[in-house]
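Some notes on the structure that comes next.
The values are calculated or read from the model by the stated rules, or taken from the named source; none is laboratory data. Since we're looking at a predicted model, the values are computed, not measured. All Cβ positions, even for glycine, are placed from backbone atoms using ideal geometry, and neighbour counts span all protein chains on display.
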Ligand code: ATP
Ligand code: MG
């Protein structure tokens, strides 16, 4: 992609009202545009990041036997009345549809997936089933000032698993927990599995918390074994697992998984016939991961005073070529040739081909955008390329072949 063609160009200042750091940097760098509090357009660079995150998650969900579906954002209010959450879910968007019936904008999908499953599950032979989606959720959050960390409209991956016994569900739950750790390791965002209260519909849950001072959650982390507990359920003097000391930390909840109690299955009549011919309630687990929140969390965790520092796997492009002295035909041809050459290898490259922009501005933009590798091509670098990793200070002179091997 040529920087001269990229929509939009970067901006030096964040818009008034952009309070949080992820919001400021993502807006200035042209990844997102705010439409109203908690509601954003994903611009080309931002959508690339969201798509990469989604793909890492999708592949991992498929690997643990999840089958992808896409459920609606519009829900019949009737379903929410069956679970009682029409009245109790505090951030529910509700309105009347054309026929005067109550309609809900889905903040989560138990109220769709349970009734759906009742139409397909009758026997133990139909179980287990694991269905997931990557879908837009709506929550009428009171405070939506934390940029992508708290949207009123946001992207979530939600997985639901259905089992013939709690043991089977619990085994699968452990598998999902491991799979989440693999996802975050691939993304490059460090997380701590954190014990938390489960709310009304679950006894306990596990949260995936990413440590950063800007986080809204408070957790206690054992300094010896790294076990973490959310403040909301915290009643331990020292670590129950190893007796170690706890340290209080701020963090962002990027994922949350729950073994569900049987109340939803009862509300919707989700039963199956066991091997012995008994009628039993299906055991269910639900597993959320906030994809757009992860994007915001990455920016909160990985940045410096100059801009974002994307982990390689989720960066919108791998290389930012800063072309200097481009009025010289030799340099232009060289830069253009390297740009084409890297792209032919499947490497994603942004080529700053702008002729009316100063060297300083190009470097500033490269840093703000946070592309992992910056390559400078100029008269000074002669036949070599000047390579610098974002977030590091040292530059090295490399040949094209050396650059390619570093990128692989
Ligand atoms: P919070 O306590 O931060 O309000 P939650 O516990 O209500 O979140 P869950 O219902 O557990 O959220 O949703 C699953 C995941 O979806 C969360 O772990 C988080 O990553 C993400 N998420 C929840 N609410 C939002 C939001 N308003 N904006 C962006 N992501 C969100
Ligand atoms: Mg949660």
task = Take the stretch 328-350 and flag every residue that is in contact with a strand residue (DSSP E or B) (Cβ under 7 Å, 6 or more places away or on another chain), touching a residue at least 24 places away in the same chain (Cβ under 8 Å) and not in a loop (DSSP other than H, G, I, E, B).
result = 331, 334, 335, 338, 342, 349, 350
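Taking residue 270, is it in the same structural domain as residue 19 (by TED's automatic domain parsing), more than 16 Å from ligand 2 (Cβ to nearest atom), modelled with pLDDT of 95 or more and surrounded by 20 or more Cβ atoms within 10 Å (Cβ to Cβ)?
yes
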inquiry  = If I filter the stretch 253-274 down to residues being within 15 Å of ligand 1 (Cβ to nearest atom) and not in a helix (DSSP H, G or I), which single residue comes out as nearest to the chain's Cα centre (by Cα)?
reply    = 254
ask   = Tell me, which strands (runs of 3 or more DSSP E) lie completely within the stretch 188-235 with 2 or more residues that are assigned by TED's automatic domain parsing to the domain that holds residue 22, within 23 Å of the chain's Cα centre (by Cα) and within 14 Å of ligand 1 (Cβ to nearest atom)?
value = 192-197, 204-211, 217-222
